[in-house]
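The structure appears right after this line, and notes come after that.
None of the figures in this text is laboratory data; all of them are computed from the coordinates on show. Model, not experiment: these values are computed from the prediction. For neighbour counting, all protein chains shown are included, and Cβ atoms are generated from backbone atoms with ideal geometry for every residue, glycine included.
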C-alpha cells in the first residue's frame, strides 16, 4: 500500500512538472498569481489557513522547479515573533541554485519577495472582504519562482550561488527578512554580495519601465545593466544609490549589503481589496523575469561583486555624512536691558537661508546655517529694524532616534555671529536716543529643539546676544533676544 502511495505521488509530481514545462512564462506567472491571490487564501494574513496554503504552494513549486533546500532537506526557515499580544510562528521559504565555481559558489546573491499580505476583514453584514494582494505581493513571489525556473532551464549556470526566498511578515515590519539575516544558516551574512526584493512588479504596461532602486550601491552597476539589456532589453529607471526602507531591502542595506528594490510602482490598488489578479500585466512580468535572469547571470558570473566604495551601513542608516539644505523661519525679536531696566516690545521677524550638517556620530552632529535675518524691536518712539547676516553654529544631540534614522528628536546649543547689513530707526526715536551708534556686529548663544521626519525638520530656537545693541561710550547693557520657529529641508 505504501509503495502504491509513493508511486502515485511520484506520477502526480511528474505530471505537474510536465504541465509546467509546457506552459509559457506568461502562463506560469499568471497561474502563480491567481493561486496566491485567490479568495480561498484569505489574503495570506496572519493566523489564516490561507497563509498556510500559500506556504505549501510556494514550497512545492520550489521543489518542482528544482531548487535545492538550504536547511538540510527543508525549505522552511522557522522563527518566532510577536504581533501585538500574539506570538506568531513565522516561516520563510528558502531554495538555492548552487554556484558552479569552486570559490565563487561560497558567495551569494539573495532574490526575495514577501508572500504575506493583509488578510481579510468582515463588514457589518458578516461578509468577508479579502485583501487579495495580487500585485502586493503575489506578483513578486511569482517573479522569483519564474526567475529560478528560467535560470535552471538555461544552459548557462551561475558561478555564485543564488538564494531564492519567499519572506514572511513583511507587512508586520520586515520581520521575515530581518530574521533571515539574524538566524543561523549555512553561510554568514558577509558572504551575501547583493540582494533583490521583488515587491509589486505587475504594472509594467502602465508605467512603461522597471525601477531598480538601490542598484547604484553596486560597483560597476551600469556595466551589469547594459549587459543585461543587451541580453533582454527593458526600459529601466531609478537606479539610485538609496536603499528602499519600506520593503525587504532595508534589513540587508542596514548591514552594508547592496540591496535593490525591483518594482513597477504603486499603480495597482495598493493595500485595497481591489488589488486583484485580473489587473496585472503578465506579459510585462514575463519581460521583467527574463531581464532579471540575464542580470543575475551577469552579476553571478562577474569576477568581483562588491558595493561602491562609499557605501556602508552608517550611510544607509543615517544618510550622507555631510548634508545641505534650506531653512525658513519666523518669530519675534526684542531688546532688553540685561537687568530689566528696559525692555522694548517684540517685533515680527523672518529669516531664510541655507545650512550644512556634519554627522559626528549616531548621537551628535554639527549644524551651521547662513541666514538672511530681518528682525528688530518696537519702542514708544518708533521701530528699530535690522537686516542681518546670521550664522548660528550648533552642536546637536539626538534625544531619541528610531532604528532606521527616519525619525529623531534633537536639541542643540552653540554660538551665533550676526553682521548687521542695514540698521534703520525712525527719526523720533533717533531724536530721543541721539547721539547713538549701532553696533555693526553681534555675538550670542543659540538654544534649539526640533524633530525630523525623513528630510523635513521642524525647529524652535532661542537666540540671546551677549554683546550690546548700541555702541554708547559706555556699556549700555541693552541686548538682543530672538525666538524663531522654522522648517528645514535636506537636499
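So the values come out like this:
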{"item": "For segment 300-328 and segment 159-204, distance of Cα centres in Å", "result": "20 Å"}
{"item": "Relative packing of 316-323, 229-236, which averages over residues the other C-beta atoms within 10 Å, highest first", "result": "316-323, 229-236"}
{"item": "Between helix 221-231 and the chain: long-axis angle, C-alpha atoms, 0 to 90°, nearest 10", "result": "40 degrees"}
{"item": "Column: log10 I(q)/I(0), Debye, Cα scatterers of segment 23-315, q = 0.08, 0.14 Å⁻¹", "result": "-0.30, -0.97"}
{"item": "Acute angle (nearest 10 degrees) that the helix 282-300 long axis makes with the longest principal axis of the chain, alpha-carbon atoms", "result": "80 degrees"}
{"item": "On Cα atoms only, tilt of 2-22 relative to the major axis of the chain in degrees", "result": "60 degrees"}
{"item": "Highest to lowest packing among 392-398, 184-190, scored as the average C-beta count within 10 Å", "result": "392-398, 184-190"}
{"item": "Protection-proxy order for peptides 446-453, 84-91, 129-136, 384-391, each taking the mean of Cβ atoms within 10 Å per residue, highest first", "result": "129-136, 384-391, 446-453, 84-91"}
{"item": "Å³ per residue enclosed by the Cα convex hull of segment 133-276", "result": "122 Å³"}
{"item": "Ratio Rg/Rh [Cα only; Rh per Kirkwood] for the chain", "result": "1.17"}
{"item": "Segment 23-315 - share of DSSP beta bridges that are antiparallel (%, nearest 5)", "result": "55 percent"}
{"item": "Segment 64-184 - share of DSSP beta bridges that are antiparallel (%, nearest 5)", "result": "75 percent"}
{"item": "Distance between modelled label sites at residue 306 and residue 332, nm, 7 Å Cα→Cβ extension", "result": "6.0 nm"}
